[in-house]
Amino acid sequence: MAQQREQAADDAMMTRIGQVAMLAHAGDREEARDRFLGLWSEIGEDGDPLHRCTLAHYMADTQDDPSDELAWDLRALSAADGLTGERLAGQERSLALRALYPSLHLNLAADYVKLDRPDAARSHLARAWAVVDALGDDGHGDGVRAALARLERRVAGLPGEGDGGGEGDDGGRPGGEPLGPPRRSS
């Protein structure tokens, strides 16, 4: 019984996140950003990683500043990496999580292109291609694969970062950014 109540609460939060995502896709990015921040506060930094991943993934798309977009996409990846154990019980959830990674890495690669960090973008493109087999042969999977190919062509024409700005100086973290918990706003 307790598990059913927990699942219903999970579904309710995912529904609320989805409703705000629809608002963002309809073009009201500022309102969506405000509502996402409210939901983020409800979920909390230690809340359900699936909720944090999903919300941060959508929140990134509402940002005007590429650095803020990157920060939210890194939060999404960090939360996805925290999805283990009970939260992934069942093969369906595990497959759903694996299918998130190509999109998460695609978004990070696009962020790094916007920030003129092509080596970091290349790193995330490689990571996305490495897990692209998790995507289904459907509209979503085809769309992610097509977006990866487009971004890869774009990045292929960019120079490397060279003098200390590349991947070698970051302690092994993709893009040189920490994957820790999200920063709190003051």
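The values are calculated or read from the model by the stated rules, or taken from the named source; none is laboratory data. Everything numeric in this text was worked out from a predicted model, so none of it was measured. Calculation scope for accessible area: heavy atoms of the full protein, side chains included, ligands and nucleic acids excluded. Shrake-Rupley method; radii C 1.70, N 1.55, O 1.52, S 1.80 Å.
Largest accessible area first, the listed residues His51, His25 line up as His25, His51 when surface is computed with a 1.4 Å probe on the assembled protein chains.
Solvent-accessible area of Val131, all protein chains in place: 50 Å² (probe radius 1.4 Å, heavy atoms, ligands and nucleic acids excluded).
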